[in-house]
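**Q** The structure that follows is given in the form of C-alpha cells.
What follows is calculated from the coordinates using simple rules that are stated; it is not laboratory data. Computed from a predicted model, the values in this text were never measured in an experiment. We place every Cβ from the backbone using ideal geometry, glycine too, and count neighbours over all the protein chains shown.
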Amino acid sequence: MTYHPRENRSPTPRRRVYTRRDFVQRAALLGIVLPAFPSLLAACLQREDGDAADLAIGTPASPVQQPLFDDNPAIESDLPPEEGPLLLYNWEDYINPEIIPLASEALGVEIRETTFTNEEQALAALSSGEAQYDVWFPTSQRVAVAVAAQFIQPLNHDYLPNLGANIWPQLADPYYDQGSRYTVPYVTYTTGIGWRMDLAESADIEGQANPWDVFWNPKYAGQIGMLDSFTDVIALALFRNGVTDPSVATEAELEAAGDALVELSDSVRYNIDVAYDGLPNARYSIAHAWSGDLVNSAYYWPDGVDQGTIRYLWPAKAEGSTVHGPISSDTMAVLKGSERPVLAHMFLDYMLNADNSLTNFGYLGYQPPQNNLTPDFLIGEEYLAEELAPALVVPEDFDLDTAWVQGPLDAETEALWAEQWTRATSGG
Amino acid sequence: MPTNLASGAEYDTVGQRRWVWSGFALPGVIWLVLLFLVPFYAIFAVAMGQIDPLLQRPVPEWNPLYWDPTVFGEVLADLFGGQLGVIALRTIVFVFTASALCLLIGYPVAYFVSRKAGRWRWLWLLLILAPFWINYLMRMMAWVNLLSPDGQVNRWLETLFGITDPPSWLAGNPIVVVFGLVYGYIPFFILPLFAALDRIDDATLEAARDLGASSFQTFWRVTWPLSRNGVLGGLVIIMLPMFGDYYTPNLLSGAPSTRMLGNTIDQFINQTTSQGAVGAALTIVLMIFVAGLMFYYLRAINRASEEARR
C-alpha cells in the first residue's frame, strides 16, 4: 500500500487483546456506523485534485463573456409554464415580503422562499446538490464561479423582455456577464461612509481629498463603526492608504492596511448594523456603510429625532476626493437543476418590471438598476430623503475610473487578508 | 446432565437481562454517534482537509491517511504567542471573571431561596426562571437599547444622580461584556445550586449547631462542602457555553478589545470562503480545553461520591 505524499504521520495502533465481549460490542457499533459508509467512501474517492479553475472574472475596464457548455443548454423559446410551486433561494430579508404573494398571483403558482445568511452557506448547499431550487440570487462576484461549477443555466432572453427595456445599459450587458448570458441584475449599491451631521459635522467628510481617512480621526474614537465584513474592512484600509485596486494588493500593502486597522483597536467597533441601526440610534457618529443601508435607516429612527441629519458619501465619486471606492451589484439566476425553468424565467422578468422593482425597492432600500428609477423620481416620490441622494447609484458610476469592483479571492490571497483581519480584530 | 442445564439456564437469564438493560443505552448511543461523534469527526475532516480548486471552499478529508495538519499547526503556533493567543487569553479572563461573579451573586440567591424564603419560595423560583421565557438574544438586544447613549440607563443616571456625562457603555467596554455574560447565564448557575442546597438535610445542620458550631462554622463546615458539587455543576453549565459565546460581545460591544474566541471562529467559518479549516482547528482546540474543565468536574464529583459512600 502506498501512502499519499501528504501523509507524514503513520497511524500507530495500540496492540490490545480483544475479548469476545469486545468483539460483540464493536460489531454492534459497526452496524450503526456501516450505513454511513457508502457516502463516506464516495467522498473519499472524489479527492482527485481538480484543475485550478479558469474563471472568467470581469471588471468594468475589461468585461468578460461567460462560457457556454454543451451539457448546460438554455431552454427553448415558447414553452408553456410548468406547475408550481416555484422555489426561491435568496438572502435572508432580501425581497419585499409583499412581492411574493403579488408575483404568485401574477404567475398563477405558489412561490416559496428559502433563505441563506451568507453566500458561503449557499455555495455549500448548491455544491452538495442538496439544494433543489429554481431561482438563486448570487452576487456579481460569484457569477464566474457559479457558471464554471455549472450551478446556473444560460438564460433564454425571449422570456425576459423587461431586461432590454428597463435595465441600465451598464448592467443589462454587465462586465461580469456580457450579454447577460446567465444572470439578470437584481440590485446595485456602493460601499462608502454614512454619518450624522449633528454628531460629526466638524469632520468635514465631504471636503477631504481622502474621505476614508475620517475613520482614523482621533476626535471620533469610540464613535466609529465598521461593517463586520472582513473583505470590506481590509479594502477600506487599503483605499485609505491610497491603493487603487485591492484585488492585487501586495503583501506589504496588506500588512500596512492591517497596521492601520490595529491603530483603531480602541476606537472602532465592528458590527453588521453600524449604519442602518447604529446611526439612527446614535451608537455611532460615523459608519462604514453599504448605500442601501442608509436608505433603510429611515425605519430605525427613534421617535422625535430629526432624520434630516443623516448623510452618505461614496468616496470614489466625491468632489475633490482622489481615492477609490467599491461598487457592486447582485443578480438573479436560474439554477441548472431547476425543474421549472420557464416559471423561473417568468419570475425574473416579473422582478425586472418597473413597477414591481419599485415595490421591492420600497421595502429593500437596495436599488434596482431600472432606467426610470432615477434619483429625481425616487426623491420626488419620497422613497428617500433628499440628503441621501448620494446613496443612490447612477449608471455612470460604473464607468468611473475610481470605481472598484471586488472579485473573488483565491485561497492563498484570502488567507493573507484573513490574517490582517485577525490582527485588526484581536485588539492587541 | 442436570447441573450443566441448571447453570446454563442461570447464565441465560443473567445474560438476557444484561442485554435488555444495556439496550436502554441504545438511543443514547445512537444520539451520541449521530449528533456528536460524526459531527466531531467532520470538524477534524475540515480542519485537516483540502480546498476545492474551483469554489475555493474547504473540502472535508474523510480519510485520516490524507489529513494535512499544516493549518492545525499554524493555529496552535498562533495560539501560543500570536494574535489568537491574545484572543484566547482574553476569553479565559472574561469567562472566569463572569463565572466568579455568578458565584458571588448566585450563591446567596440560591441559599436564600432554598433555605430562607419559606412559603414564598415558589415566587422566588418563578422570578429566577422568568428570564427563560424570553430568548437570550432578545434580552441582549433589550440591553443594547437600555445602554445606548440616549437610552433609559443614561436617562435615569441623569435624573437620579445628575450624571450628564455617563460612560459610553456600548463602546467596547469589557465590563459591559462581562456583565452581559453574568446577566445571561446566571439563572443556569442558580438552578442546579438551588437543587443541591435544597437536598441538604436540615438534621445535619441541626446536628452541627447541637455540637456547638456557630452559624458561620455550620455554613463553612457543613453547608458549603455539601453544596460544592452543586457549585461545580453550575459553574460547568455556565462556563461551557460562555467559552463558545460570540453574540454577547457582538451585540454589547463589537470592539476588537472585547472579541472572544467564539467571534474568531465565527469569523473564519462564516465570513471567509477558504479559511474554514482555521475555524475548525480553533473549534477543536477550544473543545479540548473545555473537555479538560469537564474532566476536572467529573473527577471532583466522583471523588465526592466515593467519600460519601465511605
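**Q** Between segment A:298-361 and segment A:168-193, what is the C-alpha centre distance in whole Å?
**A** So the separation of the two Cα centres works out to 11 Å.
**Q** What fraction, in whole percent, of alpha-carbon pairs in chain B exceed 33 Å separation?
**A** When every Cα pair of chain B is considered, 46 percent fall beyond 33 Å.
**Q** Can you list the aspartates and glutamates whose alpha carbon sits under 17 Å from that of residue A:317, skipping same-chain ones fewer than 8 residues off?
**A** Cross-link targets: A:204, A:206, A:213, A:245, A:387, A:396, A:397, A:399, A:401.
**Q** Considering the options A:221, A:191, A:118, tell which one lies farthest towards the positive end of the dipole of chain A, charges being +1 on Lys and Arg and -1 on Asp and Glu at the Cβ, about the Cα centre.
**A** It is A:118.
**Q** Going by how many other Cβ atoms sit within 10 Å of their own, how do B:134, A:95 line up, fewest first?
**A** Ascending number of Cβ neighbours within 10 Å: B:134, A:95.
**Q** Right, next: Regarding chain A, what are the three Cα extents along the principal axes, ordered largest first, in Å?
**A** 81, 61, 44
**Q** Where does each of A:402, A:331 land when they are ranked from fewest to most other beta-carbon atoms within 10 angstrom?
**A** Values: A:402 18, A:331 27.
Sorted ascending by nearby Cβ count, the order is A:402, A:331.
**Q** Moving on. Express in whole angstrom the spacing between the alpha-carbon centres of segment A:374-400 and segment A:83-134.
**A** Taking the Cα centre of each part, segment A:374-400 and segment A:83-134 sit 28 Å apart.
**Q** In addition: Rounded, prolate or oblate, given the Cα gyration tensor of segment A:287-428, with a/c below 1.5 counting as rounded?
**A** The shape class here is oblate.
**Q** Separation of segment B:71-104 and segment B:239-302 by C-alpha centroid, Å?
**A** 9 Å
**Q** Could you work out [θ]222 nm for the protein assembly as shown from helices alone, using -39500 (n - 2.57) per DSSP H run of at least four and dividing by all its residues? Round to the nearest 500 deg cm²/dmol.
**A** Calculated at 222 nm, the ellipticity per residue is -14500 deg cm²/dmol.
**Q** Once the mean 1/r over all distinct Cα pairs of segment B:163-228 is inverted, what Kirkwood radius in angstroms do you read off?
**A** One over the average 1/r among Cα pairs gives 15.1 Å for segment B:163-228.
**Q** Right, here's the next one. Could you tell me whether the protein assembly as shown comes out rounded, prolate or oblate from its Cα gyration tensor? Rule is a ≥ b ≥ c as square roots of the eigenvalues, rounded for a/c under 1.5, then prolate if a/b exceeds b/c, otherwise oblate.
**A** oblate
**Q** GluC sites (Glu not before Pro), restricted to segment A:326-389: which are DSSP loop and have at most 14 other Cβ atoms within 10 Å?
**A** Listed in order of number, the matching sites are A:339, A:381, A:382.
**Q** Sticking with this one: Which is the longest part of chain A that has none of the chymotrypsin sites (Phe, Trp or Tyr not before Pro) sitting in a DSSP loop with at most 15 other Cβ atoms within 10 Å? It would help to have the intermediate numbers written out before the result.
**A** Working: sites that count: A:3, A:18, A:69.
Longest site-free region, per DSSP loop and neighbour criteria: A:70-428.
**Q** Would you mind ranking A:324, A:288, A:157 by Cβ crowding within 10 Å, fewest neighbours first?
**A** Ordered by Cβ neighbours within 10 Å, fewest first: A:157, A:324, A:288.
**Q** So for segment A:141-268, considering every pair of alpha-carbon atoms, how many percent are separated by more than 23 Å?
**A** Summing the P(r) of segment A:141-268 above 23 Å gives 52 percent of all pairs.
**Q** Okay, next question. Count, for each residue of B:63-72, the Cβ atoms from other chains sitting within 10 Å of its Cβ, then give me the mean as a whole number.
**A** Taking all residues of B:63-72 together, the mean is 4.
**Q** A further question on this structure: Cut-off 20 Å, label point 7 angstrom out along Cα-to-Cβ of residue A:272: give me the residues of segment B:178-216 whose amide nitrogen falls inside.
**A** Counting only backbone N, you get no residues.
**Q** Classify segment B:222-303 from the C-alpha gyration tensor, please: rounded if a/c falls under 1.5, else prolate or oblate depending on whether a/b exceeds b/c. Kindly include the intermediate steps, with their values, before the conclusion.
**A** Numbers: a/c = 4.78, a/b = 1.98, b/c = 2.41.
Oblate, because a/c is 1.5 or more while a/b does not exceed b/c.
**Q** Here is a further query. Quick one: dipole size for chain A, taken about the Cα centre, charges +1 on Lys/Arg Cβ and -1 on Asp/Glu Cβ, in debye to the nearest 20.
**A** 2460 debye
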